[in-house]
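The values are calculated or read from the model by the stated rules, or taken from the named source; none is laboratory data. The model shown is predicted, which means the values in this text are computed figures rather than measured ones. With ideal geometry, Cβ positions are generated from the backbone for all residues, glycine too; neighbour counts draw on all protein chains shown.
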Amino acid sequence: MSLRRHLPLLLLPAVTGLAPGQGDPAVIECIIQEGKENSHVWETLEYLSHEIGPRLTGSTGLARANAWTRDEFRRMGLTGCKMVKWGDVPVRFDRGPCSAKMIAPEELAFEFTARSWSAGTEGPVRGPVVRMPKNEEEFEAVKGSLEGAWVLSTSSGRRSRNETDEQKAEREAAEAIRDLVRGAGIAGSITGSRNDLVITGGSWRDLTMDNLPTDVSVQVIRTHFERMEELLDAGESVEVEIDLAHYFTEGPFPVYNTVAEIRGTEKPDEVIILSAHLDSWDGPGSMGTQDNGTGSSVMMEAARILMACEVKPKRTIRFCLWTGEEQGLHGSREYVAQLSDEEQAKVSACLVDDGGTNYQGGLVCIASMAPMLDEAIAPVVAAFPDFDIANSTQDKMPGGGSSDHASFNRAGIPGFFWIEKGKGGREEKDYRFIHHTQHDTTRYAVPEYLVQSAVSSAVVAYNLAQAETMLPREAQESDAEGSDGPEPDQSFVVEKSGLTGPWKAQLVGENAPDLAFVMDLQLAKDGRVRGMLKSAIGEAAINKGAWDADKSEATIEATGEAGALKLSAKLEGEAVKGHLSLGGSEYAYEAERMPLLDSPLNGAWKVSLPAFEATVDLSMAVGEDGVLRGWFKSSSSDSALYKGTWDAKTQTATFEYDYPHAGRLPVTGTYKDGVFSGMIGDSTEFHGKRAEG
């Protein structure tokens with residue numbers, strides 16, 4: 001690696017055109033020139049995507065990626081290059097080559113997925129397609145043809161919001177039929193997605209070699225599902241062949257973050273962290289490119305640029321490639337937990353790149369941080385004049401978030417999720433088209449955006465490493481009030497109105513981005529509104545909301561990973577319409593009430609904590625997207641539910657909630673015979689019964 005000693009001298013005239021930064025202008029110019037003129041970021045992304053491929057947590061692919069990135073950092077000349085263990089997975093899941101196709105009466109290769117950690121097939125399994133019978137009479141008519149068949153299953157069986165006794169009976173009868181079908185020796189089931197995207201998910205929770213899943217199920221895109229229905233309606237015999245090479249290996253297997261650093265020369269114990277998550281989902285077709293091979297490649301390129309310019313930062317610049325992000329930020333959360341209080345205090349900032357192929361358009365911060373961050377990013381603004389780059393200031397750092405910066409903010413360490421700007425992807429495809437789908441490949445990634453992101457990361461990290469002080473931190477409420485968080489608002493009494501509940505919204509209009517989001521709203525009897533907004537780009541807590549009963553309209557302000565936003569929400573019968581303002585742009589949206597899945601958890605609960613002789617109010621609802629939402633309210637907590645899941649098969653729910661004196665606490669509970677019971681954290685037992693009224 002040669003030092004370009006001549007380069008800063010040759011470029012000094014250009015330096016005067018750059019906005020000031022904390023670092024040496026000649027070094028900053030070297031970083032910019034190296035990143036723009038000699039970028040390796042696309043080469044790195046292609047290797048991660050094509051040679052290593054998808055990197056499911058705990059898989060062989062991720063183990064390869066951890067080792068390769070460690071060795072690449074070492075080859076670049078960084079120090080402390082290692083794999084840092086954060087936990088274990090009980091069973092390794094590897095997905096081999098998979099295929100699904102219709103072979104009669106016509107040939108059609110399906111776009112499809114199957115959940116990670118789900119049952120596979122013993123080689124290709126060919127069989128007829130049979131519709132899921134609707135009643136016992138239809139079951140009796142087809143049961144002789146079910147053995148070895150693939151059953152075309154719709155989404156029937158969901159409980160409607162105001163289910164009548166007749167509807168309940170129909171739903172329970174349909175579930176009984178599905179149980180009969182599953183026991184008839186079928187090859188598996190085929191469901192259809194809501195559109196032409198298939199999204200991969202899954203969980204290793206409580207999985208062992210003794211309880212591996214046995215039911216085979218695939219999901220195909222809506223177009224292919226409807227084609228099979230059309231052929232069956234026409235009286236054709238439909239035959240498919242599905243081959244799911246799913247491999248389970250008994251563990252436990254350790255899982256790691258990849259860590260490397262450029263050691264500081266003057267204040268080596270003070271650290272700037274540049275990071276992204278290395279793990280991905282592994283659905284058929286996906287390479288894990290934009291979620292988050294792009295961020296990982298940007299981090300590696302930033303490291304390469306800094307080493308090529310032989311940067312000698314005052315503070316340590318540490319590179320962390322997290323894993324387990326997709327299953328709950330496990331790698332970053334454990335990393336933070338393993339730091340001592342002194343080490344946590346010495347982390348100036350953690351910057352996270354996890355927004356797909358778009359470029360780094362700025363950081364969301366509080367006012368005390370803004371001058372330093374504006375100065376740090378100024379050279380990037382000057383170097384990329386055609387890109388809209390600006391930091392955004394809000395009153396508080398985000399307490400939540402769906403990426404690894406949240407692990408740091410929850411510990412009081414400044415964590416930043418880059419505001420992602422740009423066209424979303426090549427061929428006019430946005431992140432929603434990519435996120436966890438079969439399209440997460442290099443085809444839609446934008447090389448010039450990745451070049452900008454790598455330069456931006458390197459420049460900002462260098463400037464923060466050279467600054468006179470560490471980045472200011474948000475004053476903790478515990479310092480002023482003897483509390484680690486806001487006290488519960490006992491005056492917020494929920495009004496069971498038309499506005500309360502989860503709403504599924506979509507931006508509309510000719511120039512609106514293809515973005516859907518969920519509004520989980522609560523209206524108080526005094527007209528206040530609170531709740532959460534969540535989309536593929538993150539989540540935002542409502543800071544301020546008010547209801548105008550005369551206009552049947554709410555005004556809402558929230559802050560999230562993309563900055564501050566404002567929302568109007570006018571209730572029109574069973575629909576909500578309004579406008580969303582974000583980043584200087586305004587979009588119209590329309591929303592409909594999100595249907596609830598059939599879950600015995602839906603509704604209000606009174607929960608007792610015997611160890612504390614305390615009672616908690618808990619409201620829960622499982623939406624059609626499978627997410628458990630709700631609110632946890634006690635004498636100490638007043639929190640939305642985060643990361644909620646509901647497993648209908650095991651009747652188990654998991655979620656987290658904010659507790660003022662301990663951060664975010666995990667909850668696992670099981671429903672049985674009208675009782676919801678389980679554990680908060682590792683030691684607090686609870687028992688819940690449905691609230692009267």
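Annotation note: Cβ proximity below 9 Å between a residue of the stretch 446-464 that is closer than 11 Å to E420 by Cβ and a residue that is of a type in the set (D, E) and assigned to a helix (DSSP H, G or I) (sequence gap 6+ or interchain) occurs for S453/E301. I'm trying to understand the selection: among the residues of the stretch 570-591, which are assigned to a strand (DSSP E or B) and under 23 Å from the mean Cα position of the chain (by Cα)? Scanning the stretch 570-591 gives L580, S581, L582, Y589, A591. When residues in the stretch 14-30 are screened for being over 17 Å from I317 (Cα atoms), among the hydrophobic types (A, V, I, L, M, F, W, C) and modelled with pLDDT of 95 or more, 2 of them pass. For the stretch 404-459, the set of residues classified as at pLDDT 95 or above, over 23 Å from L56 (Cβ atoms) and small (G, A, S) consists of G415, S453, A454, S456, S457, A458, listed by residue number. Every condition in (1) crowded, with 24+ Cβ neighbours inside 10 Å; (2) more than 30 Å from F655 (Cβ to Cβ); (3) touching a Cys at 6+ places or on another chain (Cβ under 9 Å) holds for A308 except the one numbered (1). Number of residues in the stretch 550-579 that are of a type in the set (G, A, S) and at pLDDT 90 or above equals 6.
Checking each residue in the stretch 321-346 for being surrounded by 24 or more Cβ atoms within 10 Å (Cβ to Cβ) and of a type in the set (A, V, I, L, M, F, W, C) picks out L321, W322.
When we screen G355, G324, G362, G328 for residues that are more than 15 Å from A406 (Cβ to Cβ), outside the structural domain of T645 (by TED's automatic domain parsing) and either more than 18 Å from the chain's Cα centre (by Cα) or assigned to a loop (DSSP other than H, G, I, E, B) (or both), the only hit is G362. Within the stretch 51-72, the set of residues being touching a strand residue (DSSP E or B) at 6+ places or on another chain (Cβ under 7 Å) and part of a loop (DSSP other than H, G, I, E, B) comprises L56, T57, G58, S59.
Considering the stretch 593-606, the residues that are under 29 Å from the mean Cα position of the chain (by Cα) and under 16 Å from V667 (Cα atoms) include one that is surrounded by the most Cβ atoms within 10 Å (Cβ to Cβ), namely L601.
Considering the stretch 593-633, and only residues there that are aliphatic (A, V, I, L, M) and outside any strand (DSSP E or B), the residue that is modelled with the lowest pLDDT turns out to be A611. So in the stretch 144-185, with the set limited to residues that are in a loop (DSSP other than H, G, I, E, B) and acidic (D, E), which one is modelled with the lowest pLDDT? The residue in question is E163.
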